[in-house]
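Everything on this sheet refers to the single structure shown next.
The values are calculated or read from the model by the stated rules, or taken from the named source; none is laboratory data. Keep in mind that what you see is a predicted model, and the values were worked out from it rather than measured. Cβ coordinates were reconstructed from backbone atoms using ideal geometry, including for glycine residues, and neighbour counts include every protein chain displayed.
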Amino acid sequence: MSYCYIRGMQNKLVSILTPFKNTAEFLPECLDSILVQTYENWELLIVDDHSIDSSFQIVSDYASRDSRIKLLKNKGTGIIDALRLAFKNSNGTYITRMDSDDIMTPNKLEVLVNKLEEYGKGYVAVGQVKYFSDVGISDGYSKYEQWINGLTQTGSNYFEIYKECVIPSPCWMIHREDLIKCDAFNPNLYPEDYDLTFRFYKHDISCIPCDDILHHWRDYSTRTSRTHEHYAQNYFLEIKLKYFLELDFDTRRPLVIWGAGFKGKTIAKSLVENNVPFHWICDNPKKIGKHIYNQEMLPFSFLKTIPNPQSIVTVANEQAQKDISKYFTSLNLHPVKDYFFFC
């Protein structure tokens, strides 16, 4: 579907929601990438979250030159309050986010709007991402990029939703009504992007496949996802377990935890505290037979005695995960139904 075709349609307004705090160094590149979008019917609701550098003045200068840029000040504190304020003041049929330190490809809005026009409501349009950095990209971020783009290419993002956030926070677009149905930015759960992704999943908002890189994701040492406490692993486990118990846990089936490392222990402890019964298996001969949190550690061979289990896998080794997946496949068991990788 071409841009010219869209121009002949209603050319619906897109609201871009962008919090910022002390990103003066990156804001010009970010704003310039929005200004050159091939899809021109947009508004930018950009919210200053108590910056102390020159960020506010930079955005103010841009806003004075383009009426589509609406500069607001966060009366609350933090990204969730900023997003709420931006959404409250938005008017778009379609809603998307943007990070103030990143760069859009020129056709980003066009591609995402086209997909929503084609598929309709009940869908979220997502795009592939590319990390960039002045000092090079770490192996971890490179693997994450490859992983999330692989999911996005086929629209199978939710198949691995319990591993990490499967929708990049600055590279999605959704119908306004669908975002409201998913409770928008009202919950106070962090990380807010992961929580919103789980709510898309909860409300059966399907991901539209995409082959295009639409967003350049900047990595640097003071980036929020590297420094903020809410992005620590224990918060990820807390939000994963919350939604697993709410959305996917079948109380009629025995629950099995695989692995007794940090993640396995954290999940097991939470299950004990919530009075959720489970079996706990591992392959460490030093732990098998011992009790942790009053739960006996069992060998993998014990699996054969458990009828129709649901499994949470906390084994991080990539080869081990592949072997475990093959094992589940051999038993005709399916991801995000019968087994869930939590790492």
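From 109, 85, 151, 116, grab the single residue that is farther than 30 Å from residue 56 by Cα, in the same structural domain as residue 219 (by TED's automatic domain parsing) and over 17 Å from the mean Cα position of the chain (by Cα).
The unique qualifying residue is 116.
Here is a yes/no grid of residues against (1) under 19 Å from residue 170 (Cα atoms); (2) surrounded by 21 or more Cβ atoms within 10 Å (Cβ to Cβ); (3) out of contact with any Pro (no Cβ under 7 Å at 6 or more places or on another chain):
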{"residue": "11", "(1), (2), (3)": "no, no, yes"}
{"residue": "14", "(1), (2), (3)": "yes, yes, yes"}
{"residue": "22", "(1), (2), (3)": "yes, no, yes"}
{"residue": "29", "(1), (2), (3)": "yes, no, yes"}
{"residue": "43", "(1), (2), (3)": "yes, no, yes"}
{"residue": "79", "(1), (2), (3)": "yes, yes, no"}
{"residue": "107", "(1), (2), (3)": "yes, no, yes"}
{"residue": "118", "(1), (2), (3)": "no, no, yes"}
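Mind listing whichever residues of region 120-162 are buried (at least 19 other Cβ atoms within 10 Å of the Cβ), touching a residue at least 40 places away in the same chain (Cβ under 8 Å) and of a type in the set (Val, Ile, Thr)?
Answer for region 120-162, where residues must be buried (at least 19 other Cβ atoms within 10 Å of the Cβ), touching a residue at least 40 places away in the same chain (Cβ under 8 Å) and of a type in the set (Val, Ile, Thr): 124, 126, 129, 152, 161.
Could you please find all residues in region 133-156 being within 19 Å of residue 102 (Cβ to Cβ) and modelled with pLDDT under 95?
Within region 133-156, 133, 134, 135, 136, 137, 138, 140, 141, 142, 144 meet the criteria.
Sort out for me the strands (runs of 3 or more DSSP E) sitting completely within region 241-332 that have 1 or more residues that are modelled with pLDDT of 95 or more, under 13 Å from residue 343 (Cβ atoms) and not assigned by TED's automatic domain parsing to the domain that holds residue 163.
255-258, 310-313
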